[in-house]
1. Suppose we keep only residues that are under 20 Å from E76 (Cβ atoms) and of a type outside the set (K, R) within region 95-104. Which one would you say is surrounded by the fewest Cβ atoms within 10 Å (Cβ to Cβ)?
2. Here are some residues: G120, G125. Which one is on the phi > 0 side of the Ramachandran plot, without any contact (Cβ under 8 Å) to a residue 12 or more places away in the chain and not in a strand (DSSP E or B)?
3. So for region 127-150 (the condition being of a type in the set (G, A, S) and farther than 16 Å from N85 by Cβ), does at least one residue qualify?
4. Restricting to region 122-157, name every residue that is within 19 Å of V48 (Cβ to Cβ) and either surrounded by 19 or more Cβ atoms within 10 Å (Cβ to Cβ) or out of contact with any helix residue (DSSP H, G or I) (no Cβ under 6 Å at 6 or more places or on another chain) (or both).
5. Suppose the filter is at pLDDT 95 or above and not β-branched (V, I, T); does E64 pass it?
6. Restricting attention to region 86-110, which residues are in contact with a Leu (Cβ under 8 Å, 6 or more places away or on another chain) and free of Cβ contacts under 8 Å to residues at least 60 places away in the same chain?
7. Starting from residues that are in contact with an Asp or Glu (Cβ under 6 Å, 6 or more places away or on another chain) and in a helix (DSSP H, G or I), keep the ones in region 56-81 and report whichever is nearest to L142 (Cα to Cα).
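The values are calculated or read from the model by the stated rules, or taken from the named source; none is laboratory data. Since the structure is predicted, the reported quantities are computational estimates derived from the model, not experimental observations. Don't worry about glycine lacking a Cβ; one is built from the backbone with ideal geometry, like all the others, and counts go over all protein chains shown.
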Amino acid sequence: MIFVPGRGNARHCPWEKPRLKFRLPYRPRSAKLLPVSRSKSITFPCNVAAGRAAGLALRQFLAEQGFSDDVLFACELSLAEACNNAVHHATPDQRQQSVTAEARLNDGWIELTVIDHTNGFDWPGTIPPPDPNINAGRGLYLIQSMMDEVSYTRSASGNRMQMRKRMVDRER
């Protein structure tokens, strides 16, 4: 047998040190787990169908992280309502600009964000239950009911609705 240095035949070669093999991801027993931030962002044309597709893609991203069906439903519904509001309240000129939806896992929270370029609105803070006799106007109430924290910011660069849900429910 011929021994070639650096070729991984250390178990047969007396002058080479054996290589350590680890399965990835390797973490020494003494290492602490650091908080991981994962996210997915989707920019889509300002129309209802594209908003629905973005919401479903972000739901799939959250499902891959192991969240329960209840959490997935709350996140999907909140994203759908926020995207629909961005589309329905856009003028024809504003519909030429894109909308961005994002899901981020960070510090124990699921953070959902929708950024649009509409005229925006004044966030009322607490939203009362809608009148059961009307056919529209339930979106903000549903979002506030499903999420733990909701905020809305208007600016010249775009309006940002941020919805947060605590990460306490995982299946895996």
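1. T100
2. G125
3. Within region 127-150, not a single residue is of a type in the set (G, A, S) and farther than 16 Å from N85 by Cβ.
4. N135, A136, G137, R138, G139, L140, I143
5. no
6. Correct list: I110 only.
7. Filtering first and then ranking leaves V71.
One line per residue, one yes/no per condition, for (1) at pLDDT 55 or above; (2) surrounded by 13 or more Cβ atoms within 10 Å (Cβ to Cβ):
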site: R27; (1), (2): no, no
site: C46; (1), (2): yes, yes
site: A49; (1), (2): yes, no
site: C75; (1), (2): yes, yes
site: A86; (1), (2): yes, yes
site: D93; (1), (2): yes, no
site: N106; (1), (2): yes, yes
site: L112; (1), (2): yes, yes
